[in-house]
Structures are given as structure tokens and as C-alpha cells.
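Taking it in order: structure first as C-alpha cells, then the write-up.
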Amino acid sequence: MSRERSSAERGVLLQNPLSGISLRRHGGLIALALLLLFNIVFTRNFLHMQTLFVNVSQVATIAIVAVGMTLVIATRGVDLSVGAVMALAGALAPLIFMSSFGRANPGLGVALAIIVPLLVAAACGLFNGVLVAFLNVQPIIATLILFISGRGIALVLTNGNLQTFSNPIFSFLGTGRILGLPFQGWLALAIALFFAWLVARTLYGRYLLAVGGNETAAGLAGVPVRTVKIATYVISASLAGLAGLIVVAINSASDAARIGNLMELDAIAAAVVGGAVLSGGRAPILGAIFGAVFIQLVRYTLLANGFSDEVALIIKAAIIVFAVYLQQASRE
Amino acid sequence: MTTPLLRMTGISKAFNGVPALARAELAVDRGEVHAIVGQNGAGKSTLIKILTGVYQRDEGEIAFDGAPSTIASPREAQERGVSTIYQELNLVPLRSVTENVVLGYEPRTRWGTIDWRGAHRRTGEILSRFGVDIDVKAPLATYPTAIQQLVAIARAVSLNAKLVIMDEPTSSLDEREVEVLFGVIRELKNSGTSILYVSHFLDELFEICDRVTIMRDGRTVGVANIAETTKLDLIAAMLGRSAAEIQTAGMTELAATGDRSGELLLEAEGVATNRRLRNLSLKVRRGEIVGLAGLLGSGRTEAARAIFGCDKPTAGRVAMKGTAIDCPRTAISRGIGYLTEDRKAEGIVPELSVRENMTLALLPQLSRMGLVDKAREREIVERFIRSLGIKAAHMDQKVSELSGGNQQKVLLGRWLAIQPALLILDEPTRGVDVGAKLEIQAIIRRYVDEGCGVILISSEFQELIEGADEIVVLQEGESVRTVSNPGVTEDMLVHAIAQPKAKEVDA
Ligand SMILES: Nc1ncnc2c1ncn2[C@@H]1O[C@H](COP(=O)(O)OP(=O)(O)OP(=O)(O)O)[C@@H](O)[C@H]1O
Ligand SMILES: [Mg+2]
């Protein structure tokens, strides 16, 4: 019931100079600031350019997937298949440019190695979207199908082998620099700005929020509810596919068993930390970027300070829960 | 009887710097039925929500049951004995009737598990006291809005409240159910419970209430014993004008002026759907208002849904200017608008702004290559906010922050904005105050005189009798007869609705 406290009322809190920065309202930012402070004090070499590069290049994939996840969550859905779709796209790319055709036509080979996996990823999204929009399958169940089978297909395609390669053109996706910063960082930024614009200014964006906010009312007002949902799952899967390509490019190797492992959780957490609510109707794209940065930083902090993987996972989960709590509390 | 059960004094509340209440007052005696009246946005619901802890007051004092009230949340309010039925029902449609009644206060067995048998029994008992006999194990959504409303009231009654608050409880009830509700209210009153009652149906107040508090622009402008006042006085006080100025108020603004023999717009023939519609036939011409009349459950809303293409016909056909309608999207593109009955579930998108809600149906026409033309959007919204007299802080305010009546006007704006050739209106003036009601009726009339067609569903006979050129009477999903104006009287209409299908009435 306290949900009914209005945005306007919270606005008053913000305007009141005495209340200043409140823990509830700026919880996320405060948590991020604390995390940075902790690192500056305790993590060795934190303020080096190299650290920045590592973090930017790793945050890019989370951010790209989280943008798509935010859109899906805005429709009251969730996409569990993003990690598996990443693996599928990531496994396909080297298969294409290392095929005999790909070797014979290096330029075309790389182009196809980017386009074909993206199309396959989009097809996965179409599959999810049709299940959700036409067959009324619960999104969590619908995307569970590819969550389970997608990685399996990727493993079958690669016979479960690690594929290593050296292909400088393709690797630019993961190791290139523009103005000194990793290419995928710019890419993620461009994608975020594009989708933020899409949500704010276009017919699709408005329809997305209407469908998530009140599907029945939207349908009665002539919003093409099914098309909007399908498009959203296609976008999410395509972005996941792109992230899969980036991961493979970073490593110059493709391991279908590991690409995008647990990415669905990181992406959901980033979206929610960024202000998405599972009841739909809001799509804070830039928030998702913030969330991705936050999660990456947590991961990096734990790693750099020598926590074992298992412990790191637990602490990460706890910190995310806390951040989400702060974020949601500010909305109550 | 010296101290009242509830006394609220000097209550102020501002949202984002805009005052909604300015030193409002309210006192409710024990065992009294007390009404609050006022225009849309006068602050009635806000005052109630402050009492029940949904909002916190900026200023003022509340004393309840002899002590200063510290109620800080709706749950606490219920525990103190204040039960509320909000304007926008807050129930869980997919859970059973019983669950909705006992939610949060489930009776326990000795083992600490939920005593479902007891819960079902008790729910059944309360509802049968209301004269409602239904399967309490079925999901709430399977019942019409009116039953859902009574379930909400049953929930309040089951909590043994000292004060039961009803914010526009009768707006979705038909006459018989209103009588049932009044019976319940009288019974509650006799057992010493106080009732706080908000309604735009002033006639009801004279039937059921003891005293009335009048609010205007967030202030309490008067308190009166109902026996010592008149409807005209109440309206005058609500609007802040003299009684003489508004002598005509209370009549509808729908009455026809021009002639009507325009081109055929819509034709439905023998339409049946899976939703209780069995055989609907009607025609709408330009410049004509066709009313749909019938008891609750006679299929009026179902008829509207079938015409708009929400439900696929299993028989018969609907054609707008000769082309078939198969879904809301085609209906809209053919120039049909549909203002739904259930504003919360089927109307507003609560998270979106007034502007975004109003242009939802118009959006395709407002965008080029997928891009929304915001300048034009703002201009159009601006125009409708002015012409409909919508009370909002600004057009980017969340629609859920508007008062109920103003939300209704936003939705009406949504449909007027697409300049439809045919408008289906399901209870268009529900929840709007007397002043706005006349305005909305006048807008509908003007719009029809410009050569458009309207299908009007209304539980208010007066609206149908004065407004509709033809009234199609529905019984059990079937259009059984038509009465035509001029010359329809209330008696005639009641007769036509109640009379069994076989015999014809002449009109
Ligand atoms: N949560 C909110 N945030 C911002 N403004 C609000 C909020 N709730 C109410 N208001 C504003 O306060 C004023 C009073 O609203 P309220 O709902 O109390 O009116 P009301 O008298 O119940 O009207 P109605 O008859 O239409 O239901 C309105 O102008 C409304 O826009
Ligand atoms: Mg109200």
C-alpha cells in the first residue's frame, strides 16, 4: 500500500535541501562510491589505466546483455536464455571464419561470422517471443527451454572442443582500441544511448512501457501487444549474441561450455539494481548500465583481493541483494 | 455521545508542492452514516487515505476512538477498526473469493495452518447476508464488477470494523444491488458501526446518510444534517456558487437537438461470443446515440466488447461501414473508440503520464517512421486537458496520481483524440462529479451533433432516456427489443428491461 506514495511526494523529499542525500534515494550511488573507496584504499594498482581497461572490457558484455534484459523485464518478462544464446553465437563465429570458405575469403568470412551468429541469436529470440506472445507460456518457462538446450546445441556444434584461433580482424571486436579505450566499451555505450533514445522517443518505446504497465489496457487502445513482445525478445537475444561474439573475440578462443555462463543472473541483477521492476512498465536503460558497472566492480574487487571463487559468489550475491534492496526501498 | 468517533482537524497535504488538502476538517459520530461530497479532485480520497495511513499528513490532528491517532499504515488502520473499500478496488482477481475476503487475516486451525473450511463458511455467511449466493471457492475474476465490489465490502465487514469507509461504493452497482448495500449499511449502523461514505450520486445520500461534509479545493466548506439540506444546496456548496445559478443542474445534457437520419455506420447482426453474448443485433447511424439497457449481467459490456472486436464472434457479424471488425486494432483504424467500464484494469496505464495515457490510441497518427512527434503530442494533450477541464499538476504527472474522476476524463480524451466516427461508451460518467458529468454529457452531445455515432451503456436511466435516440434492451445476452425516443419514460424503460422476452412492449 505504501507503494501508493507518489513520485511527486518523493520529489518533495528531493527538493528539501535539509534532507539532502538520503540513503534510500541514492542507495545505489552510495554503494558504488563505497565500493570505489574500498578499492582505492585496499586494492593494489586500482588507479592504474590497466585496471580501467580490464574493467571496461569486461563490463561491456554485461552492459549489452543488461540493456536487452531491461527491455524484456519492462514487458513483465524475463529472459533466462541470454547466457546460452551467447554460447551459441560465440561457438558459431569461429566455425564460420575457420571453415574452408572462411579461409578462402577472409573479409567475407569475418562478415558472415558476425552476421550469421547474430541472425541465429535473433531466431532464438523469435522462438522465445512466439512462445510468450502467442502460446502464452510464462516467460520464465519459455526462456528456460533455450537456457537448457542452447548451450547443448553449441557444445554439439563444437564437439565440446575449445576452439582457439588467431584472426586479428575478428578480434578487434574484443581487443580493439578507440581513443585508448576498448572498442566494446564504446559499443556498449552506443547501444545504451541508442536504446535509451528508442525508449524515450519512439512508438516502440511507448508501446513497450504500455504493454508492461497494463497489457489489457494497451491492447484495447490498439497497441500490437504480441508484436511488441516478440520484438523485445528478439532484441534481447540479438544483444546476447553480440555479447557472445565479444567474449570470443576477447579470448581468441571459444569454449561453448563457458561463454556467458551465469550471464542471465548478472544481467537480471544489473537491470534490477539499475531500477527495473519485475512488475513491468519501466525501462531504465541507463540505470542498467550503472547496474552493470556496479556488478562488474563487485566481481573485480573480490577477485583482486584474492577471494576464492565460491566465497566470491556468495559475497557477490549478498552485495547485490543489498543493492537491490536499497534501490527498491527508494521506490517504495 | 459527546466525543465523536473520529475527528480530523486542520489536515493539510501537498503533493510535490501542490496542495491537495488545506486545513480540511471531518468529524464522524458513533453509529452515524456520514457522507463526503465534492467535485473531482476536491480531496475526498486523499483525506481518507491520510486517515488510513496510505499517505502521511503534512499538518493536522486526528483523534480516533477517544485518543490521538497514530495510524501509520493501512494494516494498522484495519487493526484499529478502520476498514476501507477504496475507489479503485484492490483485490486479487485470480484468487478465490474467500481468499480475497480473508487475505492477511486468515483464520487458523489448532495446528496453525489456515482453516479453509471455516474461512469458506464465514465468507459464504457474510455474502449471503448481502443476498449474494456464489461459489466462494471460484476465482474472483469469474464474477462481474458488482459482485467484486460486494466482496470488498464483505472483507471490510469481516474485520469487525468500528468505522467502514466506502469511497464511491455504488458506482458499479445496479439498483437492486444498491438496495442490498444500503441494507448492509443500515445493519452495520444499527450494530453501532460508523460509516463514511463518498459518492457522486447525491440522491443516494438523502436515502442513507445522516450528515454530510462538503469539500471544495481541499477545504471543508460545510457540514450539514442531511434532513435539513437539499440537493441543490449541496451542489451549490460543492461548486461554490449560489443555488439560483444552477437551477438546471441535475438534468442531463444529453438531450437531442438536431435530426438524425444519417448514413449507416455500424451494423451488428446475430452476434454471439463465448462471453455470455448470445444474439445481438443493432444499427448505429451518424448523428445518433444508441443506448444499451439491461440488468447487470444482461450482456451490455459483452456487447461492447464484441463490437470492438475484443471477443471473436462465434456467430453473426459486425461491420463498420461495410468492413468487418476482427480486433481492437482494426476497430480503431476504422474509427471506433471504446471507453471501457473498468478504468483500472482496462483503461489507465498507471506508470505512464497523463500525456502518454491520453495519446496511447492516437500514437500511430502522431508518429512518422516510428518517431513520436512530441511537439504535436503536447499540443493535442494541452488542448484536451483544457477542453475536458482535467485537474492535473501538469501533463507529465503520473496518471495514477490523479483523482478518479480526472482519470476518467483522461481516458475520454484518449478516445476523443482519435476523432472516432463511432464511440462506444461504457458508463462514461461513472465517478465524475455533477459538474463534470454535465460537461461530459455536453461533449458527447456536441460530438454526436457533428455527425458521429455513439453507443451508450449507462446504469443511470436518466442518461439513457434523455440521451439515447434508440435504446436496445438486452436480456441474458440477447437484444430483445428496441424502444425509440422521443417519448421514452422511465416506467417504459423499466418495463422493457424487466418484461420477459416473448411479449413485446410498444414504444
Ligand atoms: N499520489 C498523488 N500524487 C500527486 N497528486 C495527488 C496524489 N493523489 C491525489 N493527488 C491530487 O490531489 C487532489 C485531490 O485528489 P483526490 O483523489 O483526493 O480527489 P477526490 O475528491 O477523491 O476526487 P474524485 O471525486 O475524482 O475521486 C487531486 O488534484 C489529485 O490530482
Ligand atoms: Mg476519489
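See the values below:
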item	result
Residue in the range B:381-405 that is farthest from ligand 1 (Cβ to nearest atom), counting only those that are open to solvent by 20 Å² or more (accessible area, probe 1.4 Å) and in a helix (DSSP H, G or I)	B:383
Test: residue B:237 is of a type in the set (A, V, I, L, M, F, W, C), surrounded by 15 or more Cβ atoms within 10 Å (Cβ to Cβ) and modelled with pLDDT of 85 or more	yes
Residue within the range B:351-367 that is within 10 Å of another protein chain (Cβ to nearest Cβ), open to solvent by 40 Å² or more (accessible area, probe 1.4 Å) and touching a Ser or Thr at 6+ places or on another chain (Cβ under 8 Å) present	yes
Residue match in the range B:327-339 (condition: facing chain A (nearest Cβ under 9 Å), part of a loop (DSSP other than H, G, I, E, B) and of a type in the set (Ser, Thr, Tyr))	no
Filter result (more than 6 Å from ligand 1 (Cβ to nearest atom), within 14 Å of another protein chain (Cβ to nearest Cβ) and within 18 Å of residue B:212 (Cα to Cα)) within the range B:36-54	B:48, B:51
Flag if residue B:55 is assigned to a loop (DSSP other than H, G, I, E, B) and either within 16 Å of ligand 2 (Cβ to nearest atom) or touching a strand residue (DSSP E or B) at 6+ places or on another chain (Cβ under 8 Å) (or both)	yes
Residue match in the range A:200-208 (condition: of a type in the set (Phe, Trp, Tyr), within 14 Å of another protein chain (Cβ to nearest Cβ) and assigned to a helix (DSSP H, G or I))	yes
Any chance residue B:458 is under 25 Å from residue B:306 (Cα atoms), in contact with a Ser or Thr (Cβ under 6 Å, 6 or more places away or on another chain) and either within 16 Å of ligand 1 (Cβ to nearest atom) or away from chain A (no Cβ under 14 Å) (or both)	no
Looking only at the range B:136-172, and only at residues there that are within 16 Å of ligand 1 (Cβ to nearest atom), within 16 Å of residue B:186 (Cβ to Cβ) and surrounded by 23 or more Cβ atoms within 10 Å (Cβ to Cβ), the one that is farthest from the other protein chains (Cβ to nearest Cβ)	B:169
Test result for residue B:317, basic (Lys, Arg) and crowded, with 23+ Cβ neighbours inside 10 Å	no
Members of the range A:275-332 found to be among the small types (Gly, Ala, Ser) and either assigned to a helix (DSSP H, G or I) or at pLDDT below 80 (or both), listed by number	A:287, A:288, A:291, A:292, A:304, A:312, A:317, A:318, A:323, A:329, A:330
Filter pass, residue B:175 being surrounded by fewer than 15 Cβ atoms within 10 Å (Cβ to Cβ) and touching a residue at least 60 places away in the same chain (Cβ under 8 Å)	yes
Residues within the range B:25-34 that are surrounded by fewer than 24 Cβ atoms within 10 Å (Cβ to Cβ) and either in contact with a helix residue (DSSP H, G or I) (Cβ under 8 Å, 6 or more places away or on another chain) or assigned to a strand (DSSP E or B) (or both), tallied	5
Contacts under 7 angstrom Cβ, first residue in the range B:373-402 being more than 14 Å from chain A (Cβ to nearest Cβ) and within 20 Å of residue B:432 (Cβ to Cβ), partner within 11 Å of ligand 1 (Cβ to nearest atom) and open to solvent by 60 Å² or more (accessible area, probe 1.4 Å), 6 or more apart	none
Count - residues of the range A:209-234 that are under 26 Å from residue A:88 (Cβ atoms) and within 14 Å of chain B (Cβ to nearest Cβ)	4
Count of the range B:13-24 residues which are touching a helix residue (DSSP H, G or I) at 6+ places or on another chain (Cβ under 7 Å) and more than 14 Å from chain A (Cβ to nearest Cβ)	1
Counted residues, the range B:124-179 - those being among the aliphatic types (A, V, I, L, M), within 16 Å of ligand 2 (Cβ to nearest atom) and not assigned by TED's automatic domain parsing to the domain that holds residue B:49	1
Cβ-Cβ under 7 Å pairs, at least 6 apart or on other chains, the range B:181-204 side more than 20 Å from residue B:30 (Cβ to Cβ) and more than 14 Å from every other protein chain (Cβ to nearest Cβ), far side more than 16 Å from ligand 1 (Cβ to nearest atom) and assigned to a loop (DSSP other than H, G, I, E, B)	B:181/B:173
Looking only at the range B:220-234, and only at residues there that are away from ligand 2 (no atom under 16 Å from the Cβ) and in contact (Cβ under 8 Å) with a residue 40 or more places away in the chain, the one that is surrounded by the most Cβ atoms within 10 Å (Cβ to Cβ)	B:234
Odd one out for residue B:57 among (1) surrounded by 13 or more Cβ atoms within 10 Å (Cβ to Cβ); (2) more than 14 Å from chain A (Cβ to nearest Cβ); (3) of a type outside the set (Val, Ile, Thr)	(2)
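Conditions tested, residue by residue: (1) assigned by TED's automatic domain parsing to the domain that holds residue B:273; (2) β-branched (Val, Ile, Thr); (3) modelled with pLDDT under 90.
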| residue | (1), (2), (3) |
| --- | --- |
| B:323 | yes, yes, yes |
| B:353 | no, no, no |
| B:359 | no, yes, no |
| B:366 | no, no, no |
| B:371 | no, no, no |
| B:394 | no, no, no |
| B:402 | no, no, no |
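The values are calculated or read from the model by the stated rules, or taken from the named source; none is laboratory data. Bear in mind the structure is a predicted one, so any value in this text is a computation, not a measurement. Please note: Cβ atoms are built from the backbone with ideal geometry, for glycine as well, and neighbour counts cover all protein chains shown. What goes into the accessible areas is simple: the full protein's heavy atoms, side chains included, and nothing from ligands, DNA or RNA. Shrake-Rupley method; radii C 1.70, N 1.55, O 1.52, S 1.80 Å.
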